[in-house]
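The values are calculated or read from the model by the stated rules, or taken from the named source; none is laboratory data. Bear in mind that the values here come from a model prediction, so they are computed numbers and not experimental data. Cβ placement follows ideal geometry from the backbone for every residue including glycine, while neighbour counts extend to all protein chains displayed. Protein only, heavy atoms only, side chains kept; ligands, DNA and RNA dropped before computing areas. Shrake-Rupley method; radii C 1.70, N 1.55, O 1.52, S 1.80 Å.
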Amino acid sequence: MAYYVVFDVGGTRTKYGLMNQDGELFTSGDYQTNGRQLEPFLEAMKEVVKQYEKAWDVRGIAISLPGFVDSQTGYTEFAGAIIALNGQNVKTLLEERTSLRVEVENDANCAALAEKYSGHAKNCDSFICMTIGTGVGGGIFVNGQLVRGSFYRGGEFGMMLTETENGQFTTLNSSASTAGLIRSYKEKQGIPHSKQIDGQTIFERAAYDPSIQKMLDQWYKRIAIGIYNVATVLNPEKILIGGGVSGRPDLIPNIEKHLHTLHAWKDIEVKLEPCYYLNQAGMKGALYHFLMKEEQLDTSKKPIR
């Protein structure tokens, strides 16, 4: 049986695992992402692959990556927080170091692929997958086809503008991501930017601190505004929310609370759901993409269960 090493690269941590062609996850782990230095970034991946090769018949490497990713060539013009990969081709660089075939796809597109083939969108022809993490990403399916855009920049919801409390404009990446939430919390609490804070800390604190609850509520509102805007443009069957925060049972109710206060939401209302694979959608989708490239499958076929 063939096995594949899968990576889901995030701005803070990189998740990895070993899957077979049926999408079964045998083992997994994660490590801190070194997004500023190319060689350490590649060496960390190479070391994971080398360890798996000692005991498994590894046939390839599938990677989910943020930013403008050319899924055909592997070239990354812009990789979000992974600045070491700006203008680099992680596919060729890693193939040279491992002698294995490597395929790369945008992280939100990977999440959308996973949901389309075997998740909460398997019966949908048109849907959106919005991922909330270090940044805000988007995967778009229209009429059964993944929309990557003319220059692989489709679905970059995090670049949408939103208004701040003081009337200035910022992006969803800055204001509606978990990284943005953590940054706001640090500023409010006078915590140094360099200090590591787990987002879970904020949710726990909000349960008994009204000022933190208010800040968190503003964050939900910004996410709602982003969802409202993409719904008006694409009119999907449903919108799926991915990323680590998608596992919180109160996330969608809090977003919906704000959506119902927005003008005309009742006219364009779309069903919201968490991704079926929650925080593992990126790895699962990376494998789907690898197998699609390998077998030239289209979205009417299901390469793995």
Between the Cα axis of helix 38-53 and the main Cα principal axis of the chain, the angle (0 to 90°, nearest 10) is 60 degrees
Sparse-neighbourhood loop hits (chymotrypsin sites (Phe, Trp or Tyr not before Pro), the range 162-256; DSSP loop; Cβ within 10 Å at most 16 others) -> 208
Counting only DSSP loop positions in the range 130-164, the chymotrypsin sites (Phe, Trp or Tyr not before Pro) whose Cβ has at most 11 other Cβ atoms within 10 Å are 151
Per residue, accessible area of the range 175-305 with a 1.4 Å probe, heavy atoms of protein chains only, in Å², comes to 50 Å²
Packing-ranked peptide list from 280-293, 75-88, 188-201, 5-18, highest mean Cβ count within 10 angstrom first, is 280-293, 5-18, 75-88, 188-201
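On the accessible surface of the chain, probed at 1.4 Å, how many percent belong to carbon and sulfur atoms? Intermediate values should be presented prior to the final figure.
Values: 6620 of 13880 Å².
Of the solvent-accessible surface of the chain, carbon and sulfur hold 48 percent.
What share of the DSSP beta bridges in the range 120-274 is antiparallel, in percent to the nearest 5?
Values: 11 of 20 bridges.
Percent antiparallel among DSSP bridges in the range 120-274 is about 55.
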Computed over the chain: longest principal axis from alpha-carbon atoms vs helix 210-234 long axis, angle to nearest 10 degrees, is 70 degrees
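222 nm [θ] for the chain, helices only, -39500 (n - 2.57) per DSSP H run of 4+, per residue, to 500?
Numbers: 10 runs with 114 residues, N = 305.
Dividing the helical sum by the residues of the chain leaves -11500 deg cm²/dmol.
I'd like the antiparallel share, as a percent to the nearest 5, of DSSP beta bridges with both residues in the range 20-150. Numbers along the way, then the final one.
Working: 12 of 18 bridges.
Looking only at bridges with both residues in the range 20-150, the antiparallel portion is about 65 percent.
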Straight-line reach check, residue 221, cutoff 14 Å on alpha carbons, 8 or more apart in-chain or any other chain, hits among aspartates and glutamates -> 163, 165, 250, 256
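Out of all DSSP beta bridges with both ends in the chain, state the antiparallel percent to the nearest 5.
Values: 29 of 50 bridges.
Of the beta bridges lying entirely in the chain, close to 60 percent run antiparallel.
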The distance between the Cα centres of the range 1-34 and the range 79-145, in whole Å, is 13 Å
Surpassing 31 Å at the alpha-carbon level, of the pairs 91/186; 15/195; 214/284; 91/116; 91/188; 195/238, are 91/186; 214/284; 91/188; 195/238
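Less than 11 Å Cβ to Cβ from residue 82, Lys/Arg counted +1 and Asp/Glu -1: what total charge do the surrounding residues give? All intermediate terms of the calculation are to be shown ahead of the outcome.
On the way: positive: 36; negative: 107.
Combined, the nearby Lys, Arg, Asp and Glu give 0.
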proj_area_mean for the chain (convex hull on C-alpha atoms), units nm², value 15.7 nm²
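Over the range 120-274, what is the relative contact order in whole percent, taking alpha-carbon pairs under 8 Å and six or more residues apart?
25 percent
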Under 5 Å from the placed amide H of residue 131, counting only residues 5+ away or on other chains, we find 137, 138, 139, 242
Taking 25-34, 174-183, 62-71 and ranking on average Cβ neighbours within 10 Å, highest first, one gets 62-71, 174-183, 25-34
Helix 107-118 sits off the longest principal axis of the Cα atoms of the chain, rounded to the nearest 10 on a 0 to 90 degree scale, by 80 degrees
